[in-house]
Amino acid sequence: MPTLKKNLTPALAILSIALITAIAYVSISGEASAQGAIQNPLGAGTTVMDVINRVIDFALRILTPLAVIMVLLAGLLYMTAGGSEEKVKKAHTALLWAIIGIAVVLVAKSVEIILRNIFGAP
């Protein structure tokens, strides 16, 4: 009997998820057919470039303070190294990765600006 219960539990979970998904789909498609089209959840007039811009701006808001904290942490590691080659190397690696992180974020924003200029988006 335990093996039946063990085999039946995942099947019931999958069936439940499929049923919930089907109900949600029918509900959405019923609303869409009543209104004529599915509404854009990001707002009217939202383009792909707007979505890319929102993602990059979100990343800038999160990663910029994180990069500053990492630079400060690397400085703290340098100060507390006490001449130990291993600790200095660890601090150097932390600083290097913090600078790489800052560069990646800045490149992402500049790529977004370049794409806007190429495609003529406002």
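Read the figures in this text as sums done on the coordinates, not as results from a lab. What you see is a predicted model; the values in this text were computed from it and never measured. Cβ coordinates were reconstructed from backbone atoms using ideal geometry, including for glycine residues, and neighbour counts include every protein chain displayed.
Note on segment 48-119: the C-alpha convex hull projects to 5.0 nm² when averaged across all orientations. A simple spin-label model places pseudo-atoms 7 Å from Cα toward Cβ; at residue 97 and residue 116 they are separated by 3.2 nm.
Exposure proxy check: 70, 79 ranked by fewest other beta carbons within 10 Å?
So the residues, fewest neighbours to most, are 79, 70.
On the basis of the beta-carbon distance and an R0 of 35 Å, residue 55 and residue 84 show a calculated FRET efficiency of 0.30.
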